[in-house]
Structures are given as structure tokens and as C-alpha cells.
Amino acid sequence: MRRPSPAVVALLLLVALSAAACSSGSGDDGPEGRSTEPFSLDADVGTCFDRPASPDVTDVAPVDCDRPHDFEAYALVELEGEDFPGEEDIYGQGLGGCNEMFAAYVGVPPGQSGLVVVPVTPSARQWEDGERTVTCTVTLRGPDRLERSVEGSEQPQG
């Protein structure tokens, strides 16, 4: 069975998390019953969490890093600028900053780790509200799950 590329995995998470930005659940409903509350990943460095089961969320709950999990937050990157640079630009800036911080947390550069870097960037609405933090997360390719924290691991633990 062919596994999706890291870019595809990152794109799928980004789509799921972006969809969460306009889904129901906050009580602040917009058109078609969808929430106007943006998705928020309020995760400190070292926080582990699972892929949302549905895009119908506005946040994800942390889980114990010593049990199988999908993602781990490993850095927070602050972006600058007044005007929202657009989704592609903000994603590129976030990915660049996350890649720079990766080796300090995992112990090797991203290309040598077997992990997929997934930056979670602020939405246009969050940017307008002053949010400039990108949460840098990692996951494994395909259906494999992380078995413990990747901090200092130098390789995936799937």
C-alpha cells in the first residue's frame, strides 16, 4: 500500500483544522449553522494530541504523550506584519520557522527524522485580532502513530 507524501499529510491536517475554523460547536453560529469561532490550537511545547475525529471542532484536547497519539507540539513561532499575508504565505512562513526550530527539539533536522512537520497557523480572523503564533507540530507519515514524545528522540517512534 502506497503511503501519502509528507506534503499530502500536512495538507490533509491543514484542511481538517481549517474546516474546524468554520464548523459548529461554539454556540456562535454563522451561515448554515457553522460556527464563526476559529479553530485554536492552544498547545504548549511538549503537548501531544490526536487528529480531530471530525472537522466539527474548535480546539483539540491534550493527551498523554506516553500513549499512542497523532501529533506533538514542539515549538511556537511568532510571525510579524500588520496585514494578513494570505494562507499560502503564512503557511510558508510558519513552515520555515518550524523547520528552523525542529532540530533543537528532536535532535536531527526534519529531513533526517522520518517525521512530518505540520505548522498550525492563525486564520485571517485571528490575525486581525492580533494572533501571530504558529504552533509547530509533528506527526508520522500514514496511519502510524507516535508512541511517546519525540523530544530528543532523533527518530520517529511509530
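The values are calculated or read from the model by the stated rules, or taken from the named source; none is laboratory data. A quick note: this is a predicted structure, and the numbers were derived from the prediction, not measured. Because the Cβ atoms are built from the backbone with ideal geometry, glycine has one as well, and the counts that use them run over all protein chains shown.
Quick notes
- Considering Asp44, Asp28, the condition of being over 22 Å from Arg141 (Cα atoms) and modelled with pLDDT of 85 or more is satisfied by Asp44 alone.
- Beta carbons closer than 6 Å, at least 6 apart along the sequence or on distinct chains, pair a first residue in segment 115-131 that is modelled with pLDDT of 90 or more with a second that is among the small types (Gly, Ala, Ser) and in a loop (DSSP other than H, G, I, E, B) for Ser123/Ala21.
- Where Glu80 falls short, out of the listed (1) touching a residue at least 40 places away in the same chain (Cβ under 8 Å); (2) in contact with a helix residue (DSSP H, G or I) (Cβ under 8 Å, 6 or more places away or on another chain); (3) surrounded by fewer than 16 Cβ atoms within 10 Å (Cβ to Cβ): (2)
- Residue within segment 93-104 that is over 22 Å from Asp42 (Cβ atoms) and in contact with a helix residue (DSSP H, G or I) (Cβ under 9 Å, 6 or more places away or on another chain) present: yes
- Candidates in segment 128-149 are the residues that are β-branched (Val, Ile, Thr) and crowded, with 19+ Cβ neighbours inside 10 Å; of these, the one that is farthest from Arg51 (Cα to Cα) is Val134.
- Residue list for segment 83-108, restricted to those being crowded, with 16+ Cβ neighbours inside 10 Å, small (Gly, Ala, Ser) and farther than 27 Å from Ala53 by Cβ: Gly97
- Where strands (runs of 3 or more DSSP E) sit wholly within segment 46-158, those with at least 2 residues that are in contact with a Lys or Arg (Cβ under 9 Å, 6 or more places away or on another chain) occupy 71-78, 115-120.
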